[in-house]
Amino acid sequence: MKTDRVITAMIEYFGSDKKRIHHFLKVYSFAKTIGESDNLLPDDQELLEISAIVHDIGIKASEEKYNSSAGKYQELEGPPVAAVILKKLEFPAPVTERVAYLIGHHHTYDKIEGMDYQILVEADFLVNINEDGLDSSKQGLDSIRKIKENIFKTKTGTKILESIYLSKVN
């Protein structure tokens, strides 16, 4: 697997932005765990892991262009930046195209197609719930329950969500 090269490239891309680096590493870890536990095929697992590493690559350009890290801007700006990096790392066009698609849709939840897409969204939520402080209030717990009901589909992702965020309140 070539994920080590992608991680290194992303660390170089984000430079001293520790927040962004730590974020993608956490999303990558959850995505890897969910994909392996839910028995993705090796090629699908690799594609998922690459996507998890680069999923927020558009945030830098979004903040520069729009002064915003909003998901819609990340989805717009991320795919071309990722395509350049993945081409430099010599990934085949089909991999680059699918990764670009996932980056361009990872904040769009109404038409999730494919286990790679589903797992990427779940892994991102697992990290964002904590990073956004959603798990620190009663209102936030209600939101987490809604996220579980409306977003989570995988057995492993749901189990992780429940274990981390809902086990003390169920």
Over region 36-143, calculate the relative contact order: mean separation of alpha carbon pairs under 8 Å at least 6 apart, over the residue count, as a percent. 24
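I'd like the carbon and sulfur percentage of the solvent accessible area for region 32-167, probe radius 1.4 Å, heavy atoms only, ligands and nucleic acids excluded.
Carbon with sulfur: 51 percent of the solvent-accessible area.
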HN-Hα J in Hz across region 54-68 - Karplus 6.51, -1.76, 1.60, θ = phi - 60°, x for Gly and Pro: 9, 4, 9, 4, x, 5, 5, 5, 5, 5, 6, 7, 10, 6, 8
Which whole number in µm²/s is D for the chain by Stokes-Einstein, with the Kirkwood Rh taken over Cα pairs at 4 °C and 1.567 mPa s? 80
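Taking GluC sites (Glu not before Pro) as exposed when DSSP calls them loop (any state but H, G, I, E, B) and at most 13 other Cβ atoms lie within 10 Å, what is the longest stretch of the chain free of them, the sites themselves excluded?
Formally, the longest exposed-site-free interval is 1-89.
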Once you treat every alpha carbon in region 71-170 as an equal point and sum by Debye, what is log10 I(q)/I(0) at q = 0.16 Å⁻¹? -0.74
What nm value, rounded to one decimal, do you get for the distance between residue 142 and residue 61 when each label is placed 7 Å out toward the C-beta? 3.9
Calculated FRET value between residue 93 and residue 44, using beta carbons and R₀ = 25 Å, to 0.05: 0.90
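What number does region 110-165 give for Rg over Rh if you use C-alpha atoms and the Kirkwood radius? It would help to have the intermediate numbers written out before the result.
Details: Rg = 10.9 Å, Rh = 11.4 Å.
Radius of gyration over Kirkwood radius for region 110-165 works out to 0.96.
Tell me, in nm to one decimal, what length is gained between residue 21 and residue 70 on full extension, where the rule is 0.36 nm per residue of separation less the Cα-Cα distance? Mind dumping the intermediate values first?
Working: separation 49, 0.36 × 49 = 17.64 nm, distance 1.76 nm.
Result for the pair: 15.9 nm of gain on full extension.
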Rounded to whole Å², per residue accessible area for the chain with a 1.4 Å probe reads 53
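The values are calculated or read from the model by the stated rules, or taken from the named source; none is laboratory data. These numbers come from a predicted model, not from an experiment. Here Cβ is always computed from backbone atoms with ideal geometry, including for glycine, and neighbour counts include all displayed protein chains. Areas reflect the complete protein model, heavy atoms only, side chains present, ligands, DNA and RNA absent. Shrake-Rupley method; radii C 1.70, N 1.55, O 1.52, S 1.80 Å.
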